[in-house]
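Note sheet for the following structure.
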Amino acid sequence: MTDIFYSLVFYLIALVIIASALGVVMEKNLVHSALLMTACFIGVGMLYIYLDAEFLGAAQFMLYSGGVAILAVMAVMLIKHGDEGPRDGGNGRALRAIAVASAFALVIGMIITALPYAPAGYISQDNVSELAEMMLTEYVLPFEIAAILLLSALIGAIILAKGDGEA
Amino acid sequence: MHNGILYLVTQDIREALLPIAGSEIIVNLTIMALGIALMFGLVTGSALIFTLLERKVCAFIQVRIGPNRVGPGGTLQSLADMLKLMSKEDIVPQGIDMWLWVLSPALIFVPSALIYAMFPFDDGVIFADVNIGLFLILAITSQSVLPFLMGGYASNSKYAMIGGMRTVAQMLAYEVPMVFALMGVVMLTGSLKMSAIVEAQTDVWFVVLQPLAFLIFMVAALVESNRPPFNIVEGESEIIAGPFTEYTGMRWALFFLAEFANLLSISIMTTTLFLGGWHGPEFLPGMVWFAIKVMIMVLVYQWIGWTFPRLRIDHMLTFGWKVLLPIALVNVLLTGIGIYVFNWL
């Protein structure tokens, strides 16, 4: 009973992710594509939570669908309206695209069937404190390097936006 | 174990249901459905009461009488409002992006209602007491930006579009100081779990230990929920009603339902994070203390809203990035030093 319920939830989430990802590619309106990408991000976040990585899932919600997606939608909206117009979507390379896609699917399928299933990973009872512990002890150097990288990106963004003289 | 009244009642229902239903799963599902129904009742019920309260408080502050015709003392005003909104014509403007326009008011309500699952109403009375409680609440709240932008874009009107842009600017700007302010609370608790945060305030409320964070949180929470004096998203005198401009009837009411759900949830968050949650002297049960504190916070937020004039967008963004964020960072530093000194003593 519980197992059925669990797999049902998994397939539901997978359906949301695949449907919205397909929508991103096939939708002709760019804003709709960007919004569907948000739905895809949320689906991936739910998948993380489903797989017992709650912290990663919440971070996905906050950073991707709460931050990245909004920037993407804004950028798309600022593009001049009416430029895109109705398109038929094709560019005359449908056959080649199908060939590449099916080759890719074949390779991925072969890899999945050829490799043995990985054993169930380590499930942490309290992955927030364990993550914090690891970040500030074992992996403190990469953590600090990432922080410095982000800081320089932040300052760079301000200088780019403000111009050399003002900042 | 826990001794919250609602928790004990739930345990009784569980025991009574178990022989009838036969299986643990069915009982759990029933209890969950009951909890969800209660939560929705709370959200919609509070919206009904808050519409009246808002107008009464506003009238009191502006030395007016406020609604006093429908029912005794105007108490049935919100019911009359609701009937009016439901019977209104559903106007669909031309040239809109139909799908997004319809979805926006519905989606706006989802994050506002969803975070109620993580609020501890009493000892043991919490729908989902997850490990990452506070972080999940913040993550879900951050989802409420996009529906505003969607509504603004889909309406295909200048005012709505400006309103949508303003939402993004102000919500992103104030999310950062809010998270940093709450970092102080998390550092003191050592956990993101909501029940643990309340537990840590058994002796001292965090408003005493984190006064700076409390003030920053109050400002940021008002901005995040578009409450006056920070409601420049709708700013009637400038852009009519922002993203809501093109909506009528029940669709428009959904935006307001979400707004009042947000007012209640920022009051609940202030109470839970800074005012000791359901803790209080013994003579009243925890739930009552919780309700009293939340109502006081609702009144305080309304008081702030109707006392200060609305800010200008550029002033507000400058204040968020250049004043609140540095103060919040200093607060994190001070809290760190404080914890270090406290441990060393």
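Could you tell me whether B:Val130 is at the interface with chain A (Cβ under 10 Å from one of its Cβ atoms), outside any helix (DSSP H, G or I) and either within 16 Å of the chain's Cα centre (by Cα) or in contact (Cβ under 8 Å) with a residue 24 or more places away in the chain (or both)? Talk me through it step by step, then tell me what you get.
Details: at the interface with chain A (Cβ under 10 Å from one of its Cβ atoms): yes; outside any helix (DSSP H, G or I): yes; either within 16 Å of the chain's Cα centre (by Cα) or in contact (Cβ under 8 Å) with a residue 24 or more places away in the chain (or both): yes.
Considered against the rule, which asks whether it is at the interface with chain A (Cβ under 10 Å from one of its Cβ atoms), outside any helix (DSSP H, G or I) and either within 16 Å of the chain's Cα centre (by Cα) or in contact (Cβ under 8 Å) with a residue 24 or more places away in the chain (or both), B:Val130 comes out as yes.
Looking at B:Leu76, B:Leu52, B:Leu136, can you tell me which residue is farther than 18 Å from B:Glu259 by Cβ and away from chain A (no Cβ under 14 Å)? First the steps, then the outcome.
Numbers: B:Leu52 fails: farther than 18 Å from B:Glu259 by Cβ; B:Leu136 fails: away from chain A (no Cβ under 14 Å).
So the residue among B:Leu76, B:Leu52, B:Leu136 that is farther than 18 Å from B:Glu259 by Cβ and away from chain A (no Cβ under 14 Å) is B:Leu76.
Would you say A:Ala58 is surrounded by 17 or more Cβ atoms within 10 Å (Cβ to Cβ) and within 9 Å of chain B (Cβ to nearest Cβ)?
Yes: the conditions hold for A:Ala58.
Would you mind stating whether B:Phe214 is part of a helix (DSSP H, G or I), away from every other protein chain (no Cβ under 14 Å) and at negative phi? Please lay out each step first, then the result.
Numbers: part of a helix (DSSP H, G or I): yes; away from every other protein chain (no Cβ under 14 Å): yes; at negative phi: yes.
Taking the combined requirement at face value, the residue satisfies it.
Can you give me the number of residues within region B:184-204 that are within 12 Å of chain A (Cβ to nearest Cβ) and either crowded, with 21+ Cβ neighbours inside 10 Å or assigned to a helix (DSSP H, G or I) (or both)?
Here is the first cut: in region B:184-204, the ones within 12 Å of chain A (Cβ to nearest Cβ) are B:186-187, B:189-193, B:196.
Keeping just the survivors that are either crowded, with 21+ Cβ neighbours inside 10 Å or assigned to a helix (DSSP H, G or I) (or both) gives B:186-187, B:189, B:192-193, B:196.
Final tally of qualifying residues: 6.
Name the one entry in B:Glu224, B:Glu234 that is in contact (Cβ under 8 Å) with a residue 60 or more places away in the chain and more than 15 Å from the chain's Cα centre (by Cα). Show your work before the answer.
On the way: B:Glu224 fails: more than 15 Å from the chain's Cα centre (by Cα).
Selected residue: B:Glu234, the only one of B:Glu224, B:Glu234 that is in contact (Cβ under 8 Å) with a residue 60 or more places away in the chain and more than 15 Å from the chain's Cα centre (by Cα).
Quick one: count up the residues across region A:61-75 that are facing chain B (nearest Cβ under 9 Å) and in contact with a helix residue (DSSP H, G or I) (Cβ under 7 Å, 6 or more places away or on another chain).
Selection size over region A:61-75: 8.
Mind checking whether some residue in region B:117-128 is farther than 16 Å from B:Leu222 by Cβ, modelled with pLDDT of 85 or more and β-branched (Val, Ile, Thr)?
As a first pass, look at region B:117-128 and keep what is farther than 16 Å from B:Leu222 by Cβ: B:117-128.
Restricting the remaining residues to those that are modelled with pLDDT of 85 or more gives B:117-120.
Narrowing further to those that are β-branched (Val, Ile, Thr): none.
Checking region B:117-128: not a single residue is farther than 16 Å from B:Leu222 by Cβ, modelled with pLDDT of 85 or more and β-branched (Val, Ile, Thr).
Confirm whether B:Ser155 is closer than 18 Å to B:Leu263 by Cβ, touching an Asp or Glu at 6+ places or on another chain (Cβ under 9 Å) and buried (at least 21 other Cβ atoms within 10 Å of the Cβ). Give the derivation first.
Numbers: closer than 18 Å to B:Leu263 by Cβ: no; touching an Asp or Glu at 6+ places or on another chain (Cβ under 9 Å): yes; buried (at least 21 other Cβ atoms within 10 Å of the Cβ): yes.
So B:Ser155 does not fit the description; no.
If a residue has to be modelled with pLDDT under 80 and within 14 Å of B:Pro147 (Cα to Cα) to count, how many in region B:239-261 make the cut?
Selection size over region B:239-261: 1.
Consider B:Ser157 against the criteria (1) more than 14 Å from chain A (Cβ to nearest Cβ); (2) under 28 Å from B:Gly305 (Cα atoms); (3) at pLDDT below 85: it satisfies all of them except one. Which criterion is unmet?
Against the list (1) more than 14 Å from chain A (Cβ to nearest Cβ); (2) under 28 Å from B:Gly305 (Cα atoms); (3) at pLDDT below 85, B:Ser157 comes up short only on (1).
Considering only region A:114-130, I want to know if a residue exists there that is away from every other protein chain (no Cβ under 12 Å), surrounded by fewer than 10 Cβ atoms within 10 Å (Cβ to Cβ) and assigned to a helix (DSSP H, G or I). I'd like the intermediate steps shown before the answer.
In the first step, residues of region A:114-130 are kept if they are away from every other protein chain (no Cβ under 12 Å); the result is A:114-123.
The next check asks that each one be surrounded by fewer than 10 Cβ atoms within 10 Å (Cβ to Cβ); those that pass are A:114-123.
Right, trim to assigned to a helix (DSSP H, G or I) and you get A:114.
Yes, there is a match, as at least one residue in region A:114-130 is away from every other protein chain (no Cβ under 12 Å), surrounded by fewer than 10 Cβ atoms within 10 Å (Cβ to Cβ) and assigned to a helix (DSSP H, G or I).
For region B:172-181, check the following and say yes or no: at least one residue is under 30 Å from B:Val102 (Cβ atoms) and facing another protein chain (nearest Cβ under 10 Å).
Yes, because at least one residue in region B:172-181 is under 30 Å from B:Val102 (Cβ atoms) and facing another protein chain (nearest Cβ under 10 Å).
When the residues of region B:84-98 are filtered to those that are away from chain A (no Cβ under 14 Å) and surrounded by 10 or more Cβ atoms within 10 Å (Cβ to Cβ), which remaining residue is farthest from B:Tyr247 (Cα to Cα)?
First pass over region B:84-98, keeping only residues away from chain A (no Cβ under 14 Å): B:84-94.
Then drop every residue that is not surrounded by 10 or more Cβ atoms within 10 Å (Cβ to Cβ), which leaves B:84-86, B:88, B:90-93.
On the way: B:Lys84: 15, B:Leu85: 11, B:Met86: 13, B:Lys88: 11, B:Asp90: 8, B:Ile91: 7, B:Val92: 8, B:Pro93: 9 Å.
Of everything passing the filter in region B:84-98, B:Lys84 is farthest from B:Tyr247 (Cα to Cα).
Please work out which residue is surrounded by the fewest Cβ atoms within 10 Å (Cβ to Cβ), limiting yourself to region A:35-55 and to residues that are more than 9 Å from chain B (Cβ to nearest Cβ) and under 19 Å from B:Gly152 (Cα atoms).
Per the stated criteria, the residue is A:Ala39.
The values are calculated or read from the model by the stated rules, or taken from the named source; none is laboratory data. These numbers were taken from a predicted model, which means no experiment stands behind them. Cβ: placed from backbone, ideal geometry, glycine included. Neighbour counts: every protein chain shown.
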